[in-house]
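Right, one structure below, let's go through it.
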Amino acid sequence: MSAPTRRIGSLTVSALGLGAMPLSMGRGEPAPHDRAIATIHAALDAGITLLDTADIYAPSWDTMGHNEAFVAEGLASWDGDASQIAVATKGGITRSAEGGGRDGTLPYLRSALEKSLAALGTDSVDLYYWHRPDRSIRYAEGVEALATLQQEGLIREVGISNANVEEIDVAIEVLGEGGLAAVQNEFSPTFFHTSRRELRHCAEHGIAFVPWSPLGGTGGGASAVGERFPQIRRIAEAHGVSPQQVVLAWELSLDEHVIPIPGASRPESITDSAAAMSLQLSEGERAELDGIIA
Ligand SMILES: NC(=O)c1ccc[n+]([C@@H]2O[C@H](COP(=O)([O-])OP(=O)(O)OC[C@H]3O[C@@H](n4cnc5c(N)ncnc54)[C@H](OP(=O)(O)O)[C@@H]3O)[C@@H](O)[C@H]2O)c1
């Protein structure tokens, strides 16, 4: 099935991606193996061509790469053309028995990326995000590290995540206009206060804006979005679709550079979410939903 597409730098991807994190972590236990693979296959069968993972998406500190391994296996066992699928992963957050931290230095990012490439079974990743700022270094230093890894051919497109406008500007300065392909920040009807400016700023610079937890997150926000927002529930009922589809269709309607990555640990969730790519909201409905973040 083909889906509407959007751009992330030189990549052409479906307008919605699959957030693979809930297959490995989120609400308690990871998804059982067969259901995890079936969820990835359901996303690909529905026309989704962007899979979002990270090295730290794992049930425990000593199983990093767990989610990337699911992505690799899901792609290898899919009966479609996996060469058309873009994979995004992330590095820069550390996990250990003592807890977690940040490391945005070149030696750390290089070793994290090498492990990600091994887990994904590839020589180069389509899109690599610096996962979270490391406040112990200059922001430019982390971006310079990504630029080095890109020059070495290990990364096709560079992204940053959990970045504010000032950090986006630093990344543009280091990489040059057009060099930063994507910014992945939290954005949903539940959480938008620190991302509205960044969403607009990305549009002005031709950068893809990728909302994470676009439905409100695995902690109950996503499942309760229709109960929390009566206007979303009403619009969903009018179209005979789920409230989650309405949220995603609204996010897609914000601008052509917005590429939400709804998470799923069940095939049914991502099949339903993917249908948002063909849900048309009226101008009035969009205006009402815009009011949530006004
Ligand atoms: N860059 C970062 O710092 C960062 C941080 C967090 C997440 N992320 C990325 O963003 C992705 C998405 O965020 P998220 O997974 O935290 O939250 P989310 O997408 O807001 O919500 C995911 C939850 O929504 C449920 N769901 C999805 N589609 C549904 C539908 N159509 N109907 C009903 N329920 C539906 C899923 O249920 P089931 O589990 O039952 O399928 C899942 O538990 C992650 O997977 C990850 O790739 C990035």
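Just so it is clear, none of the values below were taken in a lab; they were calculated from the coordinates. Just so it is clear, the model here is predicted, and its values are computed rather than measured. A quick note on method: Cβ atoms are made from the backbone with ideal geometry, for glycine too, and the neighbour counts reach across all protein chains shown.
Summary table below
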| read-out | value |
| --- | --- |
| Rounded FRET efficiency, nearest 0.05, which uses the C-beta distance separating ALA203 from LEU106 and R0 of 35 Å | 0.70 |
| Segments 197-209, 126-138, 27-39 sorted - mean Cβ within 10 Å per residue, highest first | 126-138, 197-209, 27-39 |
| Shape of segment 41-85, Cα gyration tensor, a/c cut at 1.5 | prolate |
| Point-charge dipole on Cβ atoms (K/R +1, D/E -1) for segment 35-147, about Cα centre, debye to 20 | 420 debye |
| Cα shape, segment 137-238, gyration tensor, a/c 1.5 rule | prolate |
| Three-way shape label, segment 231-285, alpha-carbon gyration tensor, a/c 1.5 | oblate |
| Relative contact order, percent, segment 5-293 [alpha-carbon distance under 8 Å, six or more residues apart] | 20 percent |
| Cα-centred dipole magnitude for the chain, charges only on beta-carbon of K, R (+1) and D, E (-1), debye, nearest 20 | 480 debye |
| Length released on extending from ARG35 to GLN231, taking residue separation times 0.36 nm less the Cα-Cα span | 67.3 nm |
| Segment 272-293 versus segment 178-240: alpha-carbon centroid distance in Å | 11 Å |
| Computed label-point distance, nm, for sites GLU73 and THR12 using a 7 Å Cα→Cβ extension | 3.3 nm |
| Distance in nm between pseudo-label sites at GLU283 and MET1 (7 Å out along the Cβ direction from Cα) | 3.0 nm |
| Segment 5-293: Cα Rg divided by the 2.2 N^0.38 Å rule of thumb | 0.95 |
| Pairwise label distance in nanometres, ILE292 with GLU98, each label 7 Å out on the Cα-Cβ vector | 4.1 nm |
